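The values are calculated or read from the model by the stated rules, or taken from the named source; none is laboratory data. Fair warning: this is a prediction, and the values are worked out from it, not measured in the lab. Reconstructed Cβ throughout: ideal geometry from the backbone, glycine too, with neighbour counts over all protein chains shown. The protein model used for the area step is the full one, side chains on, heavy atoms only, and it has no ligands, DNA or RNA in it. Shrake-Rupley method; radii C 1.70, N 1.55, O 1.52, S 1.80 Å.
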Amino acid sequence: TCRQLNKFPIPPWRNWLLGHTGMVRARPVAPGVVAPARGQEEWSGGTWGDSEDRVVALAKRHTLQPLLSASAFVAPKDELFYSFLKPWLGEGLLLSRGQRWARHRRLLTPAFHGDVLRNYLGIFNQSTRVLLVRDPMAAGGGPVGLEVLQPLSLLTLDTLQKCIFSHESHCQERPSEYIQAILELSSLVVRRQLQPLLHPWWLYSLSSDGQRFARACATVHAFTADVVQRRRRALARLGHQAWLDGHRGRSMDFIDLLLLTKDETGHTLSDEDIAAEADTFMFEGEHQLPGAIGDEPLWEDLSQLPFTTMCIKESLRLHPPVTAVSRRCTEDIPLRDGRIIPKGVTCLMSIYGTHHNPDLWPEPEVFNPLRFSPENSKGRSPSSFIPFSAGPRNCIGQSFAMAEMKVVVALTLSRFVLRRDTARPPPRRKPELILRAENGLWLLREPL
């Protein structure tokens, strides 16, 4: 393994004794891993992790492509970087592996079909209108300065609760214990990642953070389990056909769809399976929108917003919500240049580094939506733009996320002019579970 990995350049280190100790810092190229010098985000390197696992960090398109396109059985997600989420998300699609993952992926795919997503547009509209009317206006209708990341996060969670559970939490207007628990869990996972002494679960469970984490998990799990069990009892009481008849004229939510789905042998998902998938959808959905023309955008209208779509994609290129994903190879994976990623090695694939590689994206820090025009997109490798990852384990909810972003942008820009609040410092990237703006993102909003 070491002979194979010696063919990869090693990132900077302090000296022969201390190695990379003290150099680990949260950089967007690969949060929690030794970051190379500025301007070298396309590096490939190897280092020892805190559990003596060998780690290779990759950000070049030709090295990422074999991993992204590999079977989910050959390059499954690595538990080293995802295990902290397991007590919260269980064996949902994000964290499961092997045959379980393959079965759930097949069963969940119909829930994200275009016909299903079309039914969610009314919810997107409703939640966005709540956002647009809730903030105070300046006297005389002038521009108002506001921080937008927190309201956008609440908008997303409000939308998800309606789409997943058909639940009106009104979390944009008043506090919600369930929503606060989700936000606290995200914050606690980030804090634990940065404290190696708290990585062992037995030690973390004794800490104050670990006890807060357990309480927040209990709150989230109790809410989800209650919804699933009530729906299961209603389905058993009414029967399949009566259940379907009762939904005529109104759309089914995510829980409904999962309750009705069956695999090729006729088996359904268990209550625990459905709860894990619902919790996973809430987690992943909440971490998409904060990264990124009439009053009632329709499904057909969304395809008629080409420049808006190009702007969203360019924002996702510059500021990908998920900056890196990891895989652990179950067999040797050969690269095009002859090098081999050995079996058992953890591969940290930098989405951020790929999106800022000047060989793929000239002037990578410049915002230029025309990069995604049909003419400029011709011949571009799919692995050059991977905000939702790629290959067999790409994000199953990417169409949901793109549709929601288009609706929010369209409705907002039909009513307001937005520009950066220059009285505030320019936003700086801050990688946590997702890429955020340090000290928030402040805009000036002026009515049209």
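Which of (1) of a type in the set (Val, Ile, Thr); (2) part of a helix (DSSP H, G or I); (3) at pLDDT below 65 is the odd one out, the single condition THR47 does not satisfy? Result: THR47 fails condition (2) only.
Only a single item in (1) open to solvent by less than 20 Å² (accessible area, probe 1.4 Å); (2) under 25 Å from TRP442 (Cβ atoms); (3) part of a helix (DSSP H, G or I) is not met by GLN172, and it is number (3).
Taken over the range 205-214, residues that are assigned to a helix (DSSP H, G or I) and over 25 Å from the mean Cα position of the chain (by Cα) amount to 2. Scoring GLY210 on the criteria (1) under 29 Å from GLY114 (Cα atoms); (2) crowded, with 16+ Cβ neighbours inside 10 Å; (3) of a type outside the set (A, V, I, L, M) leaves a single failure, condition (1).
A count restricted to the range 385-438 and to residues that are within 29 Å of GLN99 (Cα to Cα), part of a helix (DSSP H, G or I) and modelled with pLDDT under 90 stands at 3. Answer yes if at least one residue in the range 215-225 is basic (Lys, Arg) and open to solvent by 20 Å² or more (accessible area, probe 1.4 Å), and no otherwise. Within the range 215-225, one or more residues are basic (Lys, Arg) and open to solvent by 20 Å² or more (accessible area, probe 1.4 Å). Test PHE367 against the criterion of being surrounded by fewer than 13 Cβ atoms within 10 Å (Cβ to Cβ) and in contact with a helix residue (DSSP H, G or I) (Cβ under 9 Å, 6 or more places away or on another chain), and give yes or no. Criteria met by PHE367. Can you name the condition, by its number, that ILE123 falls short on among (1) out of contact with any Cys (no Cβ under 7 Å at 6 or more places or on another chain); (2) modelled with pLDDT of 85 or more? All conditions are met except number (1).
Do the conditions hold for CYS163, that is, is it touching an Asp or Glu at 6+ places or on another chain (Cβ under 7 Å) and in a loop (DSSP other than H, G, I, E, B)?
On the way: touching an Asp or Glu at 6+ places or on another chain (Cβ under 7 Å): yes; in a loop (DSSP other than H, G, I, E, B): no.
Judged against the criteria, CYS163 is not a match.
Residues that are buried (at least 17 other Cβ atoms within 10 Å of the Cβ) and not β-branched (Val, Ile, Thr) within the range 393-414 comprise ARG393, CYS395, GLY397, PHE400, ALA401, MET402, ALA403, GLU404, MET405, LYS406, ALA410, LEU411, listed in sequence order.
Screening LEU360 with (1) hydrophobic (A, V, I, L, M, F, W, C); (2) farther than 13 Å from THR63 by Cβ; (3) open to solvent by 10 Å² or more (accessible area, probe 1.4 Å) gives one miss only, at (2). Taking the criterion of being more than 25 Å from ILE351 (Cα to Cα), of a type in the set (A, V, I, L, M, F, W, C) and open to solvent by 40 Å² or more (accessible area, probe 1.4 Å), the residues of the range 415-441 that qualify are VAL417, LEU418, ALA423.
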